[in-house]
Amino acid sequence: MNAHIAGVGHYLPGPPVSNDELIARHGLRIKPYFIRNHVGVETRHFAAPHQATSDLAVEAAARALDASGVPRGEIRRILVATVSGDYPTPATACLVQRRLGLRGCAAIDIVGACSGFLQALDLGARSVATGESPVLVIGADVRSRQLDFTDLRTAFLYGDGAGAVVLTAGPDGGEIRHSILTADGDGAEAVYIPAGGSREPITADGIQHQRNCITMTDGRRVAEAARAGFRHLADRLVSETCVPARDVGFVCLHQPNLFLVRQILCDLDVAEERTWINFPAYGNTTSASVPIALSEAMAAGRIRADQWVWLGAVGAGFAGAMQLVRWGKVRSAA
């Protein structure tokens, strides 16, 4: 695709919030050990009251830009993956553009939830391949504003954060060799936010009944779809690229919860030594999950030049994405 990841960066707001703190803050009747044993999360980060999604996105973007060495003024497109934009309209990417001083370049939002960042990466890579580069790709979410803290199915799952990459035409960097996007709309309401769109506008009654918060109607179905989706994407990627799974040196996946991630790794026959798991520290950061993990793994020296790398995500809308990257000279902000 002639698109290369030149730099990566991420940002996590505020101090970590422990399970004990969350329980005390909201008066929840649940034991911390139950959360550890059934969800696998220990802490998460929440945006400060004055922070919105664009603020987190700008921090991660600035770090990725600095790491890449690409002058800000050269950016041709900004793609922001988020399901928690600052406003219903305009695009949060426009606010990021303004804060970064990049007036005039394209600024576009991608609403793909857990797969959103990799959807944006796919579109960014195709922009580069057709001559529109460099491209700034960001995944950012403030999910804490969309949580019903009385719903124990979701109250402990999510955290806030942002991650970003800069795509260039190369020749250095991690080259995106192949990309697959899928979706199965039959699962659209398995995990969703019922109110706030044209189907169900927000009302006082809706707010009272938390209709504007994340709702998981069928957790088992979501987990089964995620496992099946990852298997399907991996099989397709191997078939279409002729790069066998055993030759892949590093795998960076979206992390919906700790135990589901481990099941997926087992399904794909990927040892934990070949991946980066940060769910216990951050929870599910949705659009930011993959770029944060990628940035941390880079900073820790877990990804080497000339390795084959898989990037993968499956989530809401039963949308999925997976890319094969030939890693090269990529710089991390950390």
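For the reader, a short list of remarks on this structure follows.
- When Arg231 is tested against (1) farther than 30 Å from Arg25 by Cβ; (2) in contact (Cβ under 8 Å) with a residue 60 or more places away in the chain; (3) assigned to a helix (DSSP H, G or I); (4) touching a helix residue (DSSP H, G or I) at 6+ places or on another chain (Cβ under 7 Å), only condition (2) is not met.
- When each of Trp308, Trp276 is tested for being closer than 29 Å to His45 by Cβ and either open to solvent by less than 10 Å² (accessible area, probe 1.4 Å) or of a type outside the set (Lys, Arg) (or both), the lone residue that passes is Trp276.
- Among residues of the stretch 251-265 that are assigned to a helix (DSSP H, G or I), those with a beta-carbon under 7 Å from a residue that is surrounded by fewer than 20 Cβ atoms within 10 Å (Cβ to Cβ) and among the acidic types (Asp, Glu) at least six positions away or on a different chain give the pairs Leu265/Glu272.
- Yes/no for Leu152 being in contact with a strand residue (DSSP E or B) (Cβ under 7 Å, 6 or more places away or on another chain) and open to solvent by 10 Å² or more (accessible area, probe 1.4 Å): no
- Residue satisfying condition, being of a type outside the set (Ser, Thr, Tyr) and in a strand (DSSP E or B), within set Glu200, Glu189, Glu175: Glu175
- Test: Ala281 is open to solvent by 10 Å² or more (accessible area, probe 1.4 Å), over 20 Å from the mean Cα position of the chain (by Cα) and in contact (Cβ under 8 Å) with a residue 24 or more places away in the chain: no
- When Ser239, Ser289 are checked against the criterion of being surrounded by 24 or more Cβ atoms within 10 Å (Cβ to Cβ) and either in contact with a Pro (Cβ under 6 Å, 6 or more places away or on another chain) or among the polar types (S, T, N, Q) (or both), Ser289 stands alone in meeting it.
- Checking the stretch 71-83 against the condition returns a match, with at least one residue being touching a residue at least 40 places away in the same chain (Cβ under 8 Å), assigned to a loop (DSSP other than H, G, I, E, B) and in contact with a Gly (Cβ under 8 Å, 6 or more places away or on another chain).
- When the stretch 1-52 is limited to residues that are among the charged types (D, E, K, R), more than 26 Å from Glu296 (Cα to Cα) and not in a helix (DSSP H, G or I), the one that is least open to solvent (accessible area, probe 1.4 Å) turns out to be Lys31.
- Residues satisfying the stated conditions in the stretch 96-109, i.e. under 14 Å from Leu79 (Cβ atoms) and touching a residue at least 40 places away in the same chain (Cβ under 8 Å): Val96, Leu100
- Enumeration of residues in the stretch 94-118 that are within 27 Å of Gly315 (Cβ to Cβ) and either within 11 Å of the chain's Cα centre (by Cα) or part of a loop (DSSP other than H, G, I, E, B) (or both): Val111, Gly112, Ala113, Cys114, Ser115, Gly116, Phe117, Leu118
- Filtered by the rule that a residue be of a type outside the set (A, V, I, L, M, F, W, C), surrounded by 18 or more Cβ atoms within 10 Å (Cβ to Cβ) and over 17 Å from Leu65 (Cα atoms), the stretch 87-103 gives a lone residue, Thr92.
The values are calculated or read from the model by the stated rules, or taken from the named source; none is laboratory data. All of these numbers come straight from a predicted model, not from anything done at the bench. Cβ sites come from the backbone with ideal geometry, for glycine too, and all protein chains shown count toward neighbours. Areas reflect the complete protein model, heavy atoms only, side chains present, ligands, DNA and RNA absent. Shrake-Rupley method; radii C 1.70, N 1.55, O 1.52, S 1.80 Å.
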